[in-house]
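Written below as structure tokens is the structure these notes are about.
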Amino acid sequence: MPDILQFLQSRNSAPRLTDPAPDADQTAELVCAALRAPDHAWLRPWRFISIRGERREDFGEVLERCLLSRDPTADSSVRERARAAPLRAPLLMVVVATLREHPKVPFAEQRLSAGCAAHAILLAAESLGYAGIWRTGDAASDPSVRGALGLETHEEVVAFLYLGTRDSNPKNLPALDPDDFLSSW
Ligand SMILES: Cc1cc2nc3c(=O)[nH]c(=O)nc-3n(C[C@H](O)[C@H](O)[C@H](O)COP(=O)(O)O)c2cc1C
């Protein structure tokens, strides 16, 4: 089996991540991979925001503040979890779908394209020996979080990609049978 196929068939997420993370040059390489996402009408319907170092703490404060706006009764453990969320990895990449009206490309296709870009970043990170996990949660659709990230009204968070070095053993991948998912018509 070609190495690249073996690689594609074994990608898996890492919930626990530590240093090091892709550096600035490597992060640019990840974005180059994302830029090859399938893209109807060449709209480039995505952009990416990196959050690393102390900025993760600032973003954690944003997440806590926005959580409290959504749920003023959130108790201290829930608040703490929100504030500490960005510290779960040394690098966060926010994948943003930048939607625009187009006669042939509905928003759904543009979101899918952004999702492909997110997947490409995960794969590219893994190809460099790093690991990651795609998370969303309530924060992803919170208008205040979007505002704090500088998103425009036509932009949406598709993914918070947590990236770094795997800090736990890779899980055993389930043996799935392609015939369960593939049929002929
Ligand atoms: C759109 C999307 C959003 C997700 N959001 C979360 C999330 O908020 N929290 C989480 O633990 N996993 C989330 N996941 C799932 C993980 O990224 C991951 O796929 C899952 O843990 C299974 O691991 P695997 O990718 O190794 O199969 C999300 C996946 C997708 C595609």
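Throughout, read-outs are computed from the coordinates displayed, never taken from laboratory work. Because the structure is predicted, anything quoted here is derived from the model rather than measured. Don't worry about glycine lacking a Cβ; one is built from the backbone with ideal geometry, like all the others, and counts go over all protein chains shown.
Some points to look at:
- Test result for Tyr130, among the aromatic types (Phe, Trp, Tyr) and within 14 Å of Arg56 (Cβ to Cβ): no
- Within region 2-11, the presence of at least one residue that is in a loop (DSSP other than H, G, I, E, B), within 16 Å of the ligand (Cβ to nearest atom) and either touching a residue at least 24 places away in the same chain (Cβ under 8 Å) or in contact with a Lys or Arg (Cβ under 6 Å, 6 or more places away or on another chain) (or both) is confirmed.
Condition check ((1) surrounded by 18 or more Cβ atoms within 10 Å (Cβ to Cβ); (2) assigned to a strand (DSSP E or B); (3) within 16 Å of the ligand (Cβ to nearest atom)) across all residues:
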position	(1), (2), (3)
Arg81	no, no, yes
Ala84	no, no, yes
Lys104	no, no, no
Ala125	yes, no, yes
Trp134	no, yes, yes
Gly147	no, no, no
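- Some residue of region 30-50 being on the phi > 0 side of the Ramachandran plot and either touching a residue at least 12 places away in the same chain (Cβ under 8 Å) or in contact with a His (Cβ under 8 Å, 6 or more places away or on another chain) (or both): yes
- The numbered conditions (1) assigned to a strand (DSSP E or B); (2) farther than 24 Å from Ala118 by Cα; (3) of a type outside the set (Lys, Arg) are all true for Ile49 except (2).
- Within region 157-185, the set of residues being in contact (Cβ under 8 Å) with a residue 60 or more places away in the chain, within 13 Å of the ligand (Cβ to nearest atom) and either β-branched (Val, Ile, Thr) or under 23 Å from Pro90 (Cα atoms) (or both) comprises Val157, Val158, Ala159, Phe160, Leu161, Tyr162, Leu163, Arg166, Ser168, Pro170, Lys171.
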